[in-house]
Amino acid sequence: MANHYHLDDQTIAEIQTSNDIVDIVGDYVQLKKQGRNYFGLCPFHSENTPSFSVNQEKQIFNCFGCGKGGNVFTFLMEVEGFTFPQSVHHLAEKSGHQLDLPQHLSEMEDRPKSEDQTILEAYQWLAKLYHHLLYHTKDGKKGLEYLHQRGFSDETIEKFQIGYSPPSKDFIVKFLEKKGYHRQLMVKAGFLTTNDQTNYYDRFRGRIIFPIRNAIGKTVGFGGRSMDGQEPKYLNSPESDLFQKSKLLYNFDNARSEIRRKSEVILLEGYADVLALHQAGAANVVASLGTSFTDSHASILRRYVDTVIICFDGDTAGQNATYKTLKLLKKAGCYVKVAMLPNGYDPDQYIQEFGAEAFHQSILDTPASEMTFLISHLKKDYNLNSEGDRLQYVENIISEIALLESSIQRDHYLRELSEQFSISYEALQQDLAVKLQNSKKNDDNRKNFGNTNEGIRNNYQNKQKVLPAYQNAERRLIAFMLQNAQIAERVQESLGSKFNMEQHQIIVTYLYGFYEAGNQPNPSHFLTFIEDEPIQKLVVELSMLDCNWEISDRELEDYIQTILAEQDDHSKIKQLEREQKAMEKNDPVKAAQIAMEIIKIRQQSKRGSRS
């Protein structure tokens, strides 16, 4: 992350200061304040219990689970795959800073672009072209009329940058070639298809084009919808490093701010449904990309919200998909509601027939609870006139009730079952108690095997407790030095870089130079001066230590003396080991006494490891 691109350090610091890490991380993670820090679900690994923390005062983040940590630049580099200059440029745009881009870009353009960069640029060009063709060509009028007939306004079409690909086989081929893109790379990207390596065609020709953007609004794929019975009805870009359907949600970039504001997201099945609901006044809508909803999708949504409203088609296939999606969202820790449509309707069709107001009042504003949906949905698999099926159905519903966290909800649905099937409430309660007990045993087993995030944090804390006294002294001393230049100056006079741990020596050497250059204490800015990733992570870890802002002269001196004593002990042990080796043959008793003395010194050096 060090600045090798001749970006001005002062400008970088200004950009960093202008972009609060809580706001930037908050675009990717739902953060909740607890004490000094903000906590949320880590975007870098799967978890249900938050182990990811952000410190606003120090402008750094850290995950106790996977070990990721850093400042606002590091976060974007990790979550978006940016280079350091790309993260600076992205944040400069957000904060309105003007960079001296000609020099920087010329230096970066001297380097060959990666395939992904080239393909990403081509996506942006094609998205603009397809949208232009929709409005400004004879062929495009056919697509525009189709969209208008579907009830989509020009404002909506413009908002989503919907486009049209002409039926011509080579129009897009020629366009890409004029822009300097090689045909074979465009085939690999999925823009073109070829049969014999001589004839190349537009993959999406004759289709309505829905640009699919990533979380920061860059087009990374297309969805093409046929209008004349062409199969398949929907055609997506092929899977690639840029376009991974299991990790993308349609309209997520537009909906994200409204999702955060409402703390709720509406999950749909298709592109047209998203457009229809957005036009009907629901801005917090997203959809999977014509594929099954995945664990990855669930994890993305859980990082942003607690509540998900599923609104899939009202037919059997849509309700089966609702059931599977509900289970994945519950597994991820979401609170789920279901907006249930009449059989035969999808959201777009319902709005066209009954209007936006009716859709809000009858469907969206009155969603069913997850249990109400499950009770209704699971009935289709049983013949309730059969005693065996009826009892099996009740057993399955009790299993679902056992998964509810609220005892009030469990009691409510248990009483409903009792009344509906004329079964003793006490008998149902006993059955539920057995299932809850079995569930508790499974949870205990998982905890015993350390398969929880709490276990991760406890392991982390335990690891800190068993460190030798001198190592703890060095860690805490550096934590204070990162916050106070005067303490760093006093340590430099007393110790210099003579710390016992090599990584600590590296950190303090950088830190002395950082302060001597006139910088004020700022762990987040300090990270931009360090290249080595393990050292960066250690700086973050030490910055997150819960140190008091004040340190007494006595405490400071104790830390220094503990560090120096380890060096004295180390030298003394080396001398004794040489003496022990010399005595092993001639005087074994003396050699054993020396060995005991070495053990005693080592034990004494470990005292205070709980400090």
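The values are calculated or read from the model by the stated rules, or taken from the named source; none is laboratory data. Note that the structure is a prediction, hence the values are computed from the model and not measured. Virtual Cβ from ideal backbone geometry, glycine too; neighbours counted across all protein chains shown. When the accessible area is computed, the model is the full protein with side chains, heavy atoms only, and any ligands, DNA or RNA have been set aside. Shrake-Rupley method; radii C 1.70, N 1.55, O 1.52, S 1.80 Å.
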Using the per-residue mean of other Cβ atoms lying within 10 Å as a proxy for protection, in what order, highest first, do the peptides 50-61, 239-250 fall? 50-61, 239-250
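In percent, what relative contact order does segment 300-438 have, based on Cα pairs under 8 Å that are 6 or more apart in sequence?
Computed value for segment 300-438: 17 percent relative contact order.
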Spin-label model distance (nm) - THR193 vs GLU177, 7 Å beyond Cα toward Cβ: 2.0 nm
For segment 110-152, what is the accessible area per residue in Å² when the probe is 1.4 Å? 60 Å²
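Would you compute, from DSSP H runs of 4+ residues alone, the mean residue ellipticity of the chain at 222 nm, taking -39500 (n - 2.57) per run and dividing by the full residue count, rounded to the nearest 500?
-17500 deg cm²/dmol
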Among the aspartates and glutamates, select those whose C-alpha is under 16 Å from the C-alpha of LYS324, and discard any that sit fewer than 8 residues away in the same chain. GLU269, ASP295, ASP313, ASP315, GLU370, ASP381, GLU400
For segment 23-59 and segment 260-299, distance of Cα centres in Å: 23 Å
Counting other C-beta atoms within 10 Å, and keeping those with at most 15, which DSSP coil GluC sites (Glu not before Pro) do you find in segment 482-572? GLU531, GLU550
Surrounding net charge for ALA332, when Lys and Arg each add one and Asp and Glu each subtract one, Cβ distance under 12 Å: +2
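With a 10 Å radius around each residue's Cβ, average the other Cβ atoms per peptide and rank 382-388, 212-218, highest first.
Those peptides, ordered most packed to least, come out 212-218, 382-388.
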For the chain, alpha-carbon Rg relative to the globular expectation (2.2 N^0.38 Å, N residues): 1.23
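Need the full-extension length gain, GLN10 to LEU378, defined as separation in residues times 0.36 nm minus the C-alpha distance. One decimal, nm.
Computed gain between GLN10 and LEU378 is 126.3 nm.
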List every DSSP H helix in the chain whose Cα atoms extend 20 Å or more along the helix's own long axis and whose mean Kyte-Doolittle hydropathy is at least -1.0. 115-136, 316-331, 387-402, 469-483, 502-516, 588-606
At a Cα cut-off below 13 Å, give the aspartates and glutamates reachable from LYS58, other chains included and same-chain residues fewer than 8 away excluded. ASP20, GLU541, ASP546
Portion, in percent, of the accessible area of segment 380-421 that falls on carbon or sulfur, probe 1.4 Å: 41 percent
So, with a 1.4 angstrom probe, what is the percent of accessible area on segment 240-329 that is carbon and sulfur? 43 percent
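Given a 1.4 Å probe and every protein chain left where it sits, what share in percent of the accessible area of segment 102-237 is carbon and sulfur?
50 percent
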Too-long pairs where the Cα-Cα distance tops 21 Å, listed order kept, from LYS33/LYS537; LYS138/LYS169; LYS159/LYS188; LYS174/LYS233: LYS33/LYS537; LYS159/LYS188; LYS174/LYS233
Scalar couplings 3J(HN,Hα) for segment 202-210 by Karplus 6.51 cos²θ - 1.76 cosθ + 1.60 (θ = phi - 60°), nearest whole Hz, x for Gly and Pro, are 5, 4, 9, 4, x, 10, 5, 10, 9
With +1 on each Lys and Arg Cβ and -1 on each Asp and Glu Cβ, how big is the dipole of segment 240-340 about its Cα centre, in debye rounded to the nearest 20? 440 debye
Residue-normalised value, i.e. accessible area per residue, for segment 229-385 at 1.4 Å probe, in Å², stands at 41 Å²
Share antiparallel - DSSP beta bridges, the chain, percent rounded to 5: 75 percent
Note, ³J(HN,Hα) from phi for segment 242-249, Karplus 6.51, -1.76, 1.60, rounded to Hz, x at Gly and Pro: 7, 10, 10, 4, 6, 10, 10, 10
